[in-house]
Structures are given as C-alpha cells and as structure tokens.
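Below is one structure, written out as structure tokens; the observations come after it.
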Amino acid sequence: VVLLGGGDEIARNREIKSRMGEKVYFDETVHGLRQFAAVLGRAAVIVTGDTLALHMAVGLGVRVVGLFGPTNPLEIESYGLGQMLTPPDMECLVCLLHDCNIRPTCMERLSSEMVFQSVSMEYQNALRKRS
C-alpha cells in the first residue's frame, strides 16, 4: 500500500503509517502533477474519494475504487475501470456539504469490509489485464 496526498494530508498519512507499519509506504514528498500522475500510473488499484487522483487514474487506465458520499458518483464515468462506492441507507447522500453534523458521516459509513471487497475485485481485474 502506498499513501499519496498533498500537503494537507501529511499528518493524516503519518498517522496511518504509524498504525500500519511496514505494510504501508509513505513518502512525505509532495509531488508535482507529472510526478503524481507517474506514481498513479504504476498502481494496480487506486482508492480515493472524488479527487484529482480518481480522475487521473481513470485517464491513465488504472483500476479505481471511488469513495462517495457528499458528491455524486453518477456524475463520474469510470469507463469500466472500477467501482464507485456509496454508503447504504442514507437519505442525505450527494448533499455537497464539506462539514456534516450527522454521525457517523456518510464517508464513515463506508466500511473497511466494503472497501476491501471492492479493492480485491479490482486488483484481480488489474491482474487479468496485465497477463
């Protein structure tokens, strides 16, 4: 697992790295767009929210698991390169709010099991594509 992000994500990524240890690689370098795209292009699967990484990964032909809640997954075309996950049973999805007073939030309701299953499936798809 490689953690990527901009300057605003460094503290969060350090925390994830400290909890996961050697299972996770995190380089605190904040890459320019070309370097960021080059790193994404080497991945088998990208897990991301509705971010630049999602759009770049699809453009590069990389499998993607998109995590959605406040933004609309129906506005994103994956061109058959992945899955767009939303939490189950929430009436307020696609609210476009940056901050929410509902707990757990829609993004917190995306369980690790849901994400893991999707990543496993997309990883298998990536392996089939490469062989």
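One table, with the values for the structure above:
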{"quantity": "Residue match in the range 15-24 (condition: touching a Lys or Arg at 6+ places or on another chain (Cβ under 6 Å) and either charged (D, E, K, R) or surrounded by 12 or more Cβ atoms within 10 Å (Cβ to Cβ) (or both))", "calculated": "yes"}
{"quantity": "Qualifying residue in the range 25-35 (condition: within 15 Å of the chain's Cα centre (by Cα) and either on the phi < 0 side of the Ramachandran plot or not in a helix (DSSP H, G or I) (or both))", "calculated": "no"}
{"quantity": "Some residue of the range 42-57 being surrounded by fewer than 15 Cβ atoms within 10 Å (Cβ to Cβ) and among the acidic types (D, E)", "calculated": "no"}
{"quantity": "Residue list for the range 58-75, restricted to those being aliphatic (A, V, I, L, M) and open to solvent by less than 30 Å² (accessible area, probe 1.4 Å)", "calculated": "V58, V62, V64, V65"}
{"quantity": "Residue in the range 56-65 that is of a type in the set (G, A, S) and free of Cβ contacts under 8 Å to residues at least 24 places away in the same chain present", "calculated": "yes"}
{"quantity": "Selection from the range 1-43 of residues that are among the small types (G, A, S) and either free of Cβ contacts under 8 Å to residues at least 40 places away in the same chain or farther than 24 Å from S111 by Cβ (or both)", "calculated": "G5, G6, G7, A11, S18, G21, G32, A37, A38, G41"}
{"quantity": "Extreme residue, farthest from S111 (Cα to Cα), among residues of the range 44-57 that are outside any strand (DSSP E or B), under 12 Å from the mean Cα position of the chain (by Cα) and not acidic (D, E)", "calculated": "M56"}
{"quantity": "Test: residue in the range 77-88 that is free of Cβ contacts under 8 Å to residues at least 24 places away in the same chain, of a type in the set (D, E) and closer than 23 Å to N125 by Cβ", "calculated": "yes"}
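To keep it simple, each residue is scored yes or no on (1) closer than 30 Å to R42 by Cβ; (2) in contact with a His (Cβ under 9 Å, 6 or more places away or on another chain); (3) open to solvent by 60 Å² or more (accessible area, probe 1.4 Å).
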| position | (1), (2), (3) |
| --- | --- |
| C92 | no, no, no |
| N101 | no, no, yes |
| P104 | no, no, yes |
| S111 | yes, no, no |
| F116 | yes, no, yes |
| S120 | yes, no, no |
| R128 | yes, no, yes |
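The values are calculated or read from the model by the stated rules, or taken from the named source; none is laboratory data. Predicted model, so just to flag it, every value in this text is computed and none were measured. Because the Cβ atoms are built from the backbone with ideal geometry, glycine has one as well, and the counts that use them run over all protein chains shown. Side chains included, ligands, DNA and RNA excluded: accessible areas come from the protein's heavy atoms. Shrake-Rupley method; radii C 1.70, N 1.55, O 1.52, S 1.80 Å.
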